[in-house]
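Worksheet: one structure, shown below.
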Amino acid sequence: MFKESVNSSLPDNPLVRLDGVRFAYGEREILRGIDLTVRRGQVVAIMGGSGCGKTTLLRLISGQLRAASGKVEVDGRDLRRLSTGSLYAMRRRMGMLFQFGALFTDMSVFDNVAFPLREHTGLPAQLIRDLVLMKLHAVGLRGAHALMPSELSGGMARRVALARAVALDPMLMLYDEPFAGLDPISLGVTGQLIRRLNDALGAASIMVTHDVQVSLDLVDYIYFVSNGVIVAQGSPEEIRTSSDPFVRQFVHAEADGPVPFHYPAPPLESLLAGVAA
């Protein structure tokens, strides 16, 4: 429903490449050897159970975190080798859509979208105005430019956040649960915008999401993460027809399968016996 073919004129070399990436919070290992590639023009989904390290991957790719080992490359550059200034310059070429939008509540819609342009460019005010209205028009909200975030619906706020995220025409877009909390209409509109903006910019997009059915219509490739590793991957058609137990459990929302419901804990009987004693 959403997807168009990837522009064949775009470079084929990966825009994002993770090779053997490991990461831990203290003693708790989150990622245990992740290999992943994303090319320009692609929309790629990262899926898996809660707490499996999906958002951590986004933070590694954006340079907010540094891998304990392995390599994270963006546009051919190893992020661990970049200076602070070079890393900040790289981030200006990325856009981020946070869960629930994360708009500045004391700024108007216009000023929210204008913020990265004012912060990172020396463009004159008139040109910034024109660019902001163009971005808002692209998400269908040019007429809402004077509203405050408190006056927006959840779907409208997400679209304003999307306009802000693409204000600098990024080469890479990162989405953290872009569909969370949206009604079916807003979800469909947001999905269409993600696909259309990615294709228009010739960018690459990486999306962390639990919305399987929407993603199968929207993305070019899917990675499934579990226990810190990639356990399955493939195109939407390959995922739909997969017989892999993990993929089947996730795609069909089955209660029984490789992904346990309970977090690891001692047997309940032993705890009850301790209470009785």
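The values are calculated or read from the model by the stated rules, or taken from the named source; none is laboratory data. Bear in mind the structure is a predicted one, so any value in this text is a computation, not a measurement. Neighbour counts run over all protein chains shown; Cβ positions are idealised from the backbone, glycine included. Calculation scope for accessible area: heavy atoms of the full protein, side chains included, ligands and nucleic acids excluded. Shrake-Rupley method; radii C 1.70, N 1.55, O 1.52, S 1.80 Å.
Selection of segment 53-67 for residues being in contact with a Phe, Trp or Tyr (Cβ under 9 Å, 6 or more places away or on another chain), surrounded by 13 or more Cβ atoms within 10 Å (Cβ to Cβ) and part of a loop (DSSP other than H, G, I, E, B) yields Gly53, Gly63, Leu65, Ala67. Taken over segment 114-132, the criterion of being in a helix (DSSP H, G or I), touching a residue at least 24 places away in the same chain (Cβ under 8 Å) and surrounded by fewer than 16 Cβ atoms within 10 Å (Cβ to Cβ) is satisfied by His120 alone. Put simply, of Ser153, Ser108 the only residue that is modelled with pLDDT of 90 or more and of a type in the set (S, T, N, Q) is Ser108.
Table: residues versus (1) more than 25 Å from Gly154 (Cβ to Cβ); (2) in contact (Cβ under 8 Å) with a residue 60 or more places away in the chain.
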residue	(1), (2)
Thr55	no, yes
Asp75	yes, yes
Arg91	yes, no
Gly95	no, yes
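Counting only residues that are assigned to a loop (DSSP other than H, G, I, E, B) and surrounded by fewer than 20 Cβ atoms within 10 Å (Cβ to Cβ), segment 11-52 holds 8 of them. For segment 133-142, the set of residues classified as in a helix (DSSP H, G or I) and either open to solvent by less than 80 Å² (accessible area, probe 1.4 Å) or charged (D, E, K, R) (or both) consists of Leu133, Lys135, Leu136, Ala138, Arg142, listed by residue number. Quick one: would you say Ala273 is assigned to a loop (DSSP other than H, G, I, E, B) and either more than 23 Å from Thr56 (Cβ to Cβ) or modelled with pLDDT of 90 or more (or both)? No, not satisfied. Condition check for Val247 on (1) open to solvent by 50 Å² or more (accessible area, probe 1.4 Å); (2) touching a helix residue (DSSP H, G or I) at 6+ places or on another chain (Cβ under 7 Å); (3) free of Cβ contacts under 8 Å to residues at least 24 places away in the same chain: one failure, at (1). Say we look at segment 71-103 and pick out the residues that are touching a Lys or Arg at 6+ places or on another chain (Cβ under 9 Å), assigned to a loop (DSSP other than H, G, I, E, B) and among the hydrophobic types (A, V, I, L, M, F, W, C); which of these is most open to solvent (accessible area, probe 1.4 Å)? Looking at residues that are touching a Lys or Arg at 6+ places or on another chain (Cβ under 9 Å), assigned to a loop (DSSP other than H, G, I, E, B) and among the hydrophobic types (A, V, I, L, M, F, W, C), I get Phe100.
Restricting to segment 145-201, name every residue that is open to solvent by less than 20 Å² (accessible area, probe 1.4 Å), closer than 14 Å to Gly95 by Cβ and part of a helix (DSSP H, G or I). Hits for segment 145-201 are Arg158, Val160, Ala161, Leu162, Ala163, Ala165, Leu193, Ile194, Asn198.
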